[in-house]
Amino acid sequence: MEIKVIEGDICKIATSALVVNLFEGVAIPGGATGAVDKALNNQISDVIKSGRFTGKLNKVLIFNPKSDFSAKYIVIVGLGKKEEFNLDKIRQVSGLAAVQIREAGIKDFVTIIHGAGIGGFDIKEAASALTEGTLLALYKFDRYKTQEKKEIKAIDKFTIVERDKDKIKLIKDAVSKTKIITDEVNFARDLTNLPANELNPSIFAKEAKRKAKELNLQCEILEKEDMEKLGFGALLAVAQGSCQEPKFITLKYQGSKENPVVLIGKGITFDSGGISLKPSNKMDEMKGDMAGAAAVLGSICAVAKLKLPVNLVVMMPLTENMPGGKATKPGDIVKSLSGKYIEIVNTDAEGRLILADALTWAAKLKPKAVIDVATLTGACVVALGNVAAGLLGTDKNLVNKIKTSADKTAEKIWELPLWEEYDELIKSDVADIKNVGDGTAGTITGAMFLRKFVGDLPWAHLDIAGVAWISKGKPYTPKGGTGFGVRLLVQLMKDLSLSS
Ligand code: BES
Ligand code: ZN
Ligand code: ZN
């Protein structure tokens, strides 16, 4: 995808489609849309008068100019009510317009920056949101659709036009920085969408190694034998039911001399539930149970490309959860890396087992903060749906920083408590701790379990079970793997670097 930023008059640039916008309730457009309206002899005002377009949020209308004009099609997007407009709506309208243009079979377009004129937004922020919405919305996972390849529609190029020469450099900079991040979101989506036969722990490790080489990141991979020697008993208990070898990947980017922030991503490349087998309905979606690992991998790549002044380490415990002959059985007791014995009452609560060892391993680096990202509980989907991720943490300051960063990227998160009363639920009769509660407060008990392995490090946990995979698309998030967390974590790393 080629993105151009040019100085010019939108009424004079030859293109397949020109994208303009309108706030709801406006009868006679102003600004750039107004200029196009005049050049078209009031064709846009006429469309508004006829009631075919009212400016309602996320409505898109594509039509041919009547008179001779530099664009073959005019695309008008509704920005909704002016008083309700915000940056995320720029992402949404940009994404929806781009997808409709693509689906109309058009290959390139020229756009104004929504929200920068009458909307009153800072030009850099608006240009970033436009680019972000467009590149995220146009994502498609079609690498296995070889037969229909010729019919697959795609946009090859889009051009952002700005009248003011002084703003061009700012916009170009915003576009290139945003593209770095959306590339990594789309990379995380690819990993999440890949089926488990095409992305097992070994293939994931190869991908991580390739990325590390490309970006000069330090890369360490623990093999099964290493983990056996070191005592990763909880992770190995999950892995033993599968024929695929587990991997424990650590990547490091050192952009500052401070103690590192460690991000840990759950990397179950397929979660069958193990002996506590899941029902077959939607079990295929459990190929996405490594979305946490994908998100932290995408994040460190973006942070490295942006050369942020932070010290970042990401850890990805990777394994399948399968019910093979050697699989862990409900009731088994295993010794974790921390030395704590865990009673595995339900083999489907495997994420917390691999994360337990990862948290113990992370603590050795004396991190200034640890955040784990995991598709951990179905209970989180019940509580927050496909709208928001659950957030739980021991450090108020860290939790608040995550909330602030998430607000900026419009990746919704909602905090749940870690009150000690919930500890009762994971007490085992026979071991130090058990891996499930009684079915109540499932997301909290999952996090309470993890907390036992954190010590007193500042720690937060993001349960992304409901948001990492969606069955119905959103304005700039096609259905399937969403790449949730990449934008938020990169934003957090930017915010942390500014605050320290
Ligand atoms: N990977 C699942 C959680 C999940 C469910 C992710 C739905 C995405 C969508 C996790 O490993 C799991 O199976 N959790 C169990 C825990 C329970 C046994 C305590 C669950 O949520 O049912
Ligand atoms: Zn599970
Ligand atoms: Zn799982």
Using 1/(1 + (r/R0)^6) with R0 = 41 angstrom and r between the beta carbons of Val382 and Arg143, what's the FRET efficiency to the nearest 0.05? 0.80
Heavy atoms of Leu359 accessible to a 1.4 Å probe, total area in Å² rounded to 10: 10
How large is the dipole of the stretch 184-267 about the Cα centre if only Lys and Arg carry +1 and Asp and Glu carry -1, each at its Cβ, rounded to the nearest 20 debye? 180
Can you tell me the Rg and Dmax of the stretch 370-500, counting just the alpha carbons, in angstroms? 15.3, 50
Tabulate in residue order the Karplus-calculated ³J(HN,Hα) for the stretch 473-486, using 6.51 cos²θ - 1.76 cosθ + 1.60 with θ = phi - 60°, rounded to whole Hz; enter x for Gly and Pro. x, 10, x, 10, 10, x, 5, x, x, 9, x, 3, x, 5
In Å and on Cα atoms, what radius of gyration and Dmax does the stretch 329-446 show? 15.2, 46
Could you list, bin by bin from short to long, the percent of Cα-Cα pairs of the chain in 20 Å steps? 24, 50, 23, 4, 0
Extend 7 Å from the Cα of Lys307 along its Cα-to-C-beta direction; within the stretch 237-264, residues with backbone N under 15 Å of that point are 254-256
Restricting things to alpha carbons, tell me how big the stretch 415-486 is in terms of Rg and Dmax, in Å. 15.7, 50
Contour minus Cα-Cα distance for Asp456 and Glu198 (0.36 nm per residue): 89.0 nm
Under the 0.36 nm per residue contour assumption, what length would be gained going from the current alpha-carbon distance of Glu84 and Lys257 to full extension? 58.0 nm
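What is the percent carbon and sulfur in the accessible area of the stretch 425-500, measuring with a 1.4 Å probe over the protein chains and ignoring ligands?
Summing carbon and sulfur atoms, their accessible area is 51 percent of the total for the stretch 425-500.
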Ser176 and Lys472 label points (each 7 Å along its Cα→Cβ direction) are spaced in nm at 4.1
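With an 8 Å Cα cut-off and a minimum separation of 6 or more residues, compute the relative contact order for the stretch 393-500 in percent. Intermediate values should be presented prior to the final figure.
Values: 94 pairs, mean separation 36.3, N = 108.
Averaging sequence separation for qualifying contacts and normalising by length gives 34 percent for the stretch 393-500.
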How big, in percent, is the set of alpha carbon pairs in the stretch 249-329 lying more than 20 Å apart? 45
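Quick check on the stretch 108-168: what are the equivalent-ellipsoid semi-axes from the Cα gyration tensor, as sqrt(5λ), descending, whole Å?
Equivalent ellipsoid of the stretch 108-168: 31, 12, 8 Å, largest first.
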In Å, descending, principal axis extents of the Cα set of the stretch 58-185: 46, 42, 30
Accessible surface of Leu215 in the full protein assembly, 1.4 angstrom probe, to the nearest 10 Å²? 40
Rounded to the nearest 10 Å², the accessible area of Glu220 using a 1.4 Å probe with every protein chain kept is 80
Check Thr159: other-chain or 5+ apart residues with amide H under 5 Å from its amide H, H built from backbone geometry? Lys4, Phe109, Val110, Thr111
Work out from phi, with θ = phi - 60° and the Karplus expression 6.51 cos²θ - 1.76 cosθ + 1.60, the ³J(HN,Hα) of each residue of the stretch 458-467, listed in order in whole Hz, and give x for Gly and Pro. x, 9, 9, 10, 10, 8, 9, 3, x, 10
Rounded to the nearest 500 deg cm²/dmol, what is the calculated helix-only ellipticity per residue at 222 nm for the chain, with -39500 (n - 2.57) per DSSP H run of length n ≥ 4? -11000 deg cm²/dmol
Would you mind working out the magnitude of the charge dipole of the chain relative to its Cα centre, with +1 at each Lys and Arg C-beta and -1 at each Asp and Glu C-beta, to the nearest 20 Debye? 1500
What FRET efficiency comes out for Glu415 versus Glu125 if R0 is 45 angstrom and r is the Cβ-Cβ distance? Round to the nearest 0.05. 0.95
Sequence order, the stretch 264-277: Karplus ³J(HN,Hα) from phi using 6.51 cos²θ - 1.76 cosθ + 1.60, θ = phi - 60°, Hz rounded, Gly and Pro as x, gives 10, x, 5, x, 8, 6, 7, 10, 7, x, x, 4, 7, 4
Solvent-accessible area per residue for the chain (1.4 angstrom probe, square angstrom): 42
A convex hull over the alpha carbons of the stretch 315-378 yields, per residue, a volume in Å³ of 98
Distance (nanometres) between label positions extended 7 Å along Cα→Cβ at Asn281 and Lys72: 4.7
Carbon/sulfur fraction of accessible area - the stretch 18-99, other protein chains in place, 1.4 Å, %: 50
Once the mean 1/r over all distinct Cα pairs of the stretch 2-67 is inverted, what Kirkwood radius in angstroms do you read off? 12.8
Projected onto the charge dipole of the chain (unit charges on the beta-carbon of Lys, Arg, Asp and Glu, signs +1, +1, -1, -1), the Cα from Pro29, Leu236, Tyr253 with the largest positive-side position is that of Pro29
Output the antiparallel fraction of DSSP beta bridges having both residues in the chain, as a percent to the nearest 5. 40
Relative to the compact globular guide of 2.2 N^0.38 Å, what is the alpha carbon radius of gyration of the stretch 162-302, as a ratio? 1.29
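Stretched out fully, how many nm does the piece from Ile3 to Lys364 gain, at 0.36 nm a residue minus the Cα gap? Don't skip to the answer; put the middle values down first.
Details: separation 361, 0.36 × 361 = 129.96 nm, distance 4.37 nm.
Taking 0.36 nm per residue and subtracting the Cα distance, the gain is 125.6 nm.
The values are calculated or read from the model by the stated rules, or taken from the named source; none is laboratory data. All values reported here derive from a predicted model rather than from experimental measurement. Backbone-built Cβ (ideal geometry, glycine too); neighbour counts: all protein chains shown. Side chains are part of the model used for accessible areas, which takes the heavy atoms of the whole protein and leaves out ligands, DNA and RNA. Shrake-Rupley method; radii C 1.70, N 1.55, O 1.52, S 1.80 Å.
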